[in-house]
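Step one of this worksheet: look at the structure below.
The values are calculated or read from the model by the stated rules, or taken from the named source; none is laboratory data. The structure displayed is predicted, hence computed values, not measured ones. Note that each Cβ is placed from the backbone with ideal geometry, even for glycine, and that neighbours are counted across all protein chains shown.
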Amino acid sequence: MIIVLPAEGFTIGIIGGTGDQGRGLGRRFALAGHRVVVGSRQPARAADAAATLLAEHPEEGLDVTGTSNEEAARLAELVIVAVPFEGHRETLAPLAPHCAGKIVIDCVNPMAFDKAGATYVELTDGSAAEEAAAVLPGARVVSAFHDVSAKRLLGTNLSVSTDVLVCGDDQEAKDVVCAMAAQIRGMRGIDAGPLRLSRHLEALTAVLIGINKTYKTHSGVRITGV
């Protein structure tokens, strides 16, 4: 299916938008022409993050504001969840009324760290994205952007050369997210199957962190044959 995104862009609410991944995705989507609402448990921090992004790109005329997580979800047409996994369920539960019917992109990685590095944490719900679907009934949950380095999103290179693996049970929602990924120069969205496979996307992040540590880089993923 060919998806044509709205010419005026989406209003994107980023839950946990003051962290590196949230700020990086907010930056890239704002530069792609979307309106970005940075959310945080502390609205003042969200406002500061929005002001910093605007100051970094004064010539671009970006539309970025900061507020609470709940208000960001309420204002958004599309929601991105980029919170630490430790507060995932507790952060999302109050947002359920504001997410019903909306595409919700979950890019949360359940991980733990020890002397050997990062490792994936097995979850009762199977994955963070499946937990989000359980906590947000009625939301169109899609799992994506796990495999994209926050350092690259926040870097000065306008191109982010990587594929974005997208899982979900709503085909149209997946197609929209794949099209959005393609708006970021160098990226390509790849339909990676149903939401139940999100656990493997989330676990892949631990592998990429290990690669980054070994090669002193910020690695990504490319799918061949597609």
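If you go through segment 1-19 and keep only what is within 12 Å of the chain's Cα centre (by Cα) and either of a type in the set (Lys, Arg) or part of a strand (DSSP E or B) (or both), you end up with ILE12, GLY13, ILE14, ILE15.
Taken as a whole, segment 106-126 holds no residue that is assigned to a helix (DSSP H, G or I) and under 15 Å from the mean Cα position of the chain (by Cα). One residue stands out among those in segment 127-149 that are under 14 Å from MET187 (Cβ atoms) and either of a type outside the set (A, V, I, L, M) or not in a loop (DSSP other than H, G, I, E, B) (or both): the one that is modelled with the highest pLDDT, which is PHE145.
Could you please find all residues in segment 77-98 being more than 14 Å from GLY16 (Cβ to Cβ) and outside any helix (DSSP H, G or I)? Within segment 77-98, GLU77, LEU78 qualify.
Here's the yes/no breakdown for (1) of a type outside the set (S, T, N, Q); (2) under 22 Å from PRO94 (Cβ atoms); (3) surrounded by 24 or more Cβ atoms within 10 Å (Cβ to Cβ):
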residue: VAL4; (1), (2), (3): yes, no, no
residue: ALA7; (1), (2), (3): yes, no, no
residue: ASP20; (1), (2), (3): yes, no, no
residue: GLY24; (1), (2), (3): yes, no, no
residue: ALA32; (1), (2), (3): yes, no, no
residue: ARG35; (1), (2), (3): yes, no, no
residue: ARG45; (1), (2), (3): yes, yes, no
residue: ALA51; (1), (2), (3): yes, no, no
residue: THR67; (1), (2), (3): no, yes, no
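Of everything in segment 167-219 that's among the small types (Gly, Ala, Ser) and under 15 Å from the mean Cα position of the chain (by Cα), which residue is surrounded by the most Cβ atoms within 10 Å (Cβ to Cβ)? Result: SER198. Among the residues of this structure, LEU204 does not count as one that is closer than 30 Å to THR214 by Cβ and assigned to a loop (DSSP other than H, G, I, E, B).
In the set (1) closer than 20 Å to ILE3 by Cβ; (2) surrounded by 19 or more Cβ atoms within 10 Å (Cβ to Cβ), GLY101 fails one condition alone, (2).
If you go through segment 160-183 and pick out every residue that is in a strand (DSSP E or B) and not small (Gly, Ala, Ser), you end up with 6. Here GLY22 clears all of (1) part of a helix (DSSP H, G or I); (2) in contact with a strand residue (DSSP E or B) (Cβ under 6 Å, 6 or more places away or on another chain); (3) more than 20 Å from ASP147 (Cβ to Cβ) except the condition numbered (3).
Whenever a residue of segment 104-129 is in contact (Cβ under 8 Å) with a residue 24 or more places away in the chain, its partners that are among the basic types (Lys, Arg) and assigned to a strand (DSSP E or B), lying with C-beta atoms within less than 9 angstrom and at least six residues away or across chains, give the pairs VAL104/ARG140.
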